[in-house]
Every structure is written in structure tokens, then in C-alpha cells.
Amino acid sequence: MASTYEKIATNTLSSAQSSITFSSIPSTYTDLVLISNAAVSSGAAQMLCRLNSDTGSNYSFTRLGGDGSTTESSRASSVSYMQITWFGYLTTTINQAGIANFMNYSNSTTNKTVLTRSNNAGNGVGSNVNLWRSTSAINTILLYPDASTFATGSTFTLYGIKAA
Amino acid sequence: MPILGIIASQDYTRITSSYESIASATGTGSSGTITFSSIPATYSHLQIRCTARSSSVLSTEYIIIRLNNDTTANYIYHGVEGNGTAASAFVSTGETAGFGTEVTGAGATSNVMGTAIIDISDYASTNKNKTIRHFGGDDTNGGGLIGIRSNLWLNTSAINRIDIISYRAANWTTTSTFALYGIRGS
């Protein structure tokens, strides 16, 4: 059987950037997986995401996180972004590791659900389930921090998984 | 051809050329069970990735996993989940199947699916009980659940069949997709 887990694109920042974009994503896979190892230039931030340049209030998420002493669950509805990180947020040290699963991303029948895990050993861990209320196939993923900029050395890699 | 999901999701070193598609299925709209049978024992681990919604009149549905068609009380599960308001944890023993995470039923907003990633470690072993890890949930723009769960199957048999069953005895919709992958160890 052929290997079915393939790298589509990778981006290692050589300078601070306010956002990164994966565009022209082929529709030939079943799921997409985004792996990040990132930091921000100052302070702390959550990593947010928009799909297909949609800036409307078409996103929502439910999240679960913990920081060693507290567990928490909350949600946001009808917002203009998805949230990739939660308790495993971005700081100025590249010790954040995250994975986001864009499930059945290329179908044009259902809304899209994105499962994420975020880990930051200095802060905590989190899981989010995000909804994009659109039936469009995902062809562009925009990532950006809600404060500061992505720091030099941050890495973002997008993979495709193909089902039989 | 880099990486594999179970490794990637745990942030371990990536392994190349080791993640393969075994089979996939789509809901029929008339059955609440998806069966992957005759699973070869040639991999080290299995992963199931699915988007699912059932015909249940309720807005919520759950994924049930049964191994080798064993319907006896050989399953245990633990879970941690968040419903958007609070986090909670639970355990149950003596179950007749493994209990997975929440997806959507027909009572949820149209076209909204739940998703799950299910890892089964060392599934072909014949000298240890089997552990399943679930990560999944659904968001319905005002409702939903995110959760992680572990299931223990008190049986040392190699797994050759997996049934993915609707907890509410409803039918998986035709928009539901289920894919089984094998992960090689060497």
C-alpha cells in the first residue's frame, strides 16, 4: 500500500511575521494536519486561524484546558476566527507544540470541524474543537497570533492524509 | 512521505513511510454500524479518523467501539471532557464496548459534523490487553463537547475487527466518513 501521509508545505520563519498563509491547498487529500512549533516576539498570545480568507463571524469553538492546578472549559460562538491554541499558548520561547486536524476538509457538503491540541510545558495543555460554518472546500489557511508577531524560528508544516 | 498521526499528535520524532491507508467507509444512512474486518496484523498501531453524524433526533451522538465482535463486559473507560462551561472526568467498568467522544445527531444544526481521531496501540499483540485513545468532539456554534477518552479491552487477542457503532442506535448519515490507517513500527 502506498504511504498516505504527505508533506504539503513547510514554513520556518527567518524574520518575525504577523501571519503566515498556506494557499492553493490541493483537494486531493482526506484530512489536513498542521504541526506548529512557534513563539511570539513579545508577551504571550493565542494562535488564531481563518479559512479561505473568510473574515465573517462564521466560526465557533469549544475548548478544554488545564495548567497544572486548574481545568477549564469554555466556548465562543459566532466569532471571526478559529482558535488553534488554548492553555498551550504562544510565549517568547519556542516551547509551544501544536497540532491541528482539518477533518474532511475538501468536501463541499458539510461544515468543517477542526480538532486541535496545544502544548506548552511552561504553561499548560489545551484542546479545541472548532467549527467553520461553510460547506466550501478549504483551500487557504491563515494563521496569526492575537497579539505581537510570530517570532523568528517558528515552524509550521502542513501535511495531507489520503484515505483509501 | 513523512510522519504519522499518532506520533505527530504526541509530538514525538517523526517516522517516514510508515502510515498507510487500510480501508475507508461512508455512512449509508440505514445502518448505525461501520465494520472494518479482516484487519491485517502487519502494522504496529492503528488509527481511525472520522467525521460523523447520526440520524438520532437528539443533537448529540457518541461513538462506540467494539473489538473482534466481543459483546461481553470486557471494556473499561476513562474520560475528560469540556462542554463549554465546565470540565469533568469520569470512569466506567464492566462495559460491553468502548465509549468514545461526542459527535452530532440530526437534532444539531444541519451539516455540522462531529469528528474523532482514535488510536489503537499495539493492536496485533497477543500478550497484552488493548488500549484505545479517543480525541474528538463537536462544536455547533453555541453547543458542543471536546473530549479525550481511553478504553481498555480486557483481552489479549490480536484485533482483527473493529465496529464503530452509534450509541443512540441510530444510523450514520451518508455524510459520515470513517478511515482506518495502519502505522508501521519498523
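Each row is one residue, and each column tells you yes or no for (1) closer than 11 Å to A:Q46 by Cβ; (2) touching a residue at least 40 places away in the same chain (Cβ under 8 Å).
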| position | (1), (2) |
| --- | --- |
| A:L64 | no, yes |
| A:D67 | no, yes |
| A:T70 | no, no |
| A:S74 | no, no |
| A:V79 | no, no |
| A:M82 | yes, yes |
| A:Y89 | yes, yes |
| A:T93 | no, yes |
| A:A97 | no, yes |
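Among strands (runs of 3 or more DSSP E) entirely within region A:1-104, having at least 3 residues that are surrounded by 22 or more Cβ atoms within 10 Å (Cβ to Cβ) and among the acidic types (D, E) singles out no element at all. Evaluated against (1) surrounded by fewer than 21 Cβ atoms within 10 Å (Cβ to Cβ); (2) within 18 Å of the chain's Cα centre (by Cα); (3) at pLDDT 95 or above, B:Q10 falls short on exactly one condition, (3). Considering each residue of region A:134-141 in turn, none proves to be part of a loop (DSSP other than H, G, I, E, B), at positive phi and hydroxyl-bearing (S, T, Y).
Within this structure, B:T28 passes the test of being outside any strand (DSSP E or B), in contact (Cβ under 8 Å) with a residue 60 or more places away in the chain and among the β-branched types (V, I, T). For A:S77, the conditions (1) away from every other protein chain (no Cβ under 13 Å); (2) of a type in the set (G, A, S); (3) over 18 Å from A:R117 (Cβ atoms) are fulfilled apart from (1). Of A:I20, A:I84, A:I25, all but one fail to be of a type in the set (A, V, I, L, M, F, W, C), farther than 29 Å from B:A179 by Cα and more than 9 Å from chain B (Cβ to nearest Cβ); the exception is A:I20.
Here B:A86 passes the criteria (1) more than 13 Å from chain A (Cβ to nearest Cβ); (2) exposed (fewer than 15 other Cβ atoms within 10 Å of the Cβ) except the one numbered (1). Inside region A:126-143, residues that are under 11 Å from A:S18 (Cα atoms) and surrounded by fewer than 20 Cβ atoms within 10 Å (Cβ to Cβ) make up a count of 1.
Going by what's in this entry, would A:A147 be described as in contact with a strand residue (DSSP E or B) (Cβ under 8 Å, 6 or more places away or on another chain), at pLDDT below 95 and either of a type in the set (S, T, N, Q) or part of a loop (DSSP other than H, G, I, E, B) (or both)? Considered against the rule, which asks whether it is in contact with a strand residue (DSSP E or B) (Cβ under 8 Å, 6 or more places away or on another chain), at pLDDT below 95 and either of a type in the set (S, T, N, Q) or part of a loop (DSSP other than H, G, I, E, B) (or both), A:A147 comes out as no. In region B:162-172, is there at least one residue being facing chain A (nearest Cβ under 9 Å) and in contact (Cβ under 8 Å) with a residue 24 or more places away in the chain? The answer is no; no qualifying residue exists.
With the condition kept exactly as written, say whether any residue in region B:129-151 is touching a residue at least 40 places away in the same chain (Cβ under 8 Å), of a type in the set (F, W, Y) and more than 30 Å from A:V79 (Cα to Cα). No, that holds for no residue.
Any chance region A:133-154 includes a residue that's within 14 Å of another protein chain (Cβ to nearest Cβ) and among the aromatic types (F, W, Y)? No - not one qualifying residue is present in region A:133-154. Of A:N111, A:N119, A:N104, all but one fail to be within 10 Å of chain B (Cβ to nearest Cβ) and touching a residue at least 60 places away in the same chain (Cβ under 8 Å); the exception is A:N104. Can you find even one residue in region B:89-100 that is within 11 Å of another protein chain (Cβ to nearest Cβ) and among the hydrophobic types (A, V, I, L, M, F, W, C)? Yes, region B:89-100 has at least one match.
Considering only region B:152-169, I want to know if a residue exists there that is more than 20 Å from B:T93 (Cα to Cα), within 14 Å of the chain's Cα centre (by Cα) and of a type in the set (S, T, Y). Looking through region B:152-169, none of the residues is more than 20 Å from B:T93 (Cα to Cα), within 14 Å of the chain's Cα centre (by Cα) and of a type in the set (S, T, Y).
The residue of region B:124-179 that is surrounded by the fewest Cβ atoms within 10 Å (Cβ to Cβ), among those that are assigned to a loop (DSSP other than H, G, I, E, B) and among the β-branched types (V, I, T), is B:T126.
The values are calculated or read from the model by the stated rules, or taken from the named source; none is laboratory data. Here the structure is a predicted model, which means the values were calculated and not measured. All Cβ positions, even for glycine, are placed from backbone atoms using ideal geometry, and neighbour counts span all protein chains on display.
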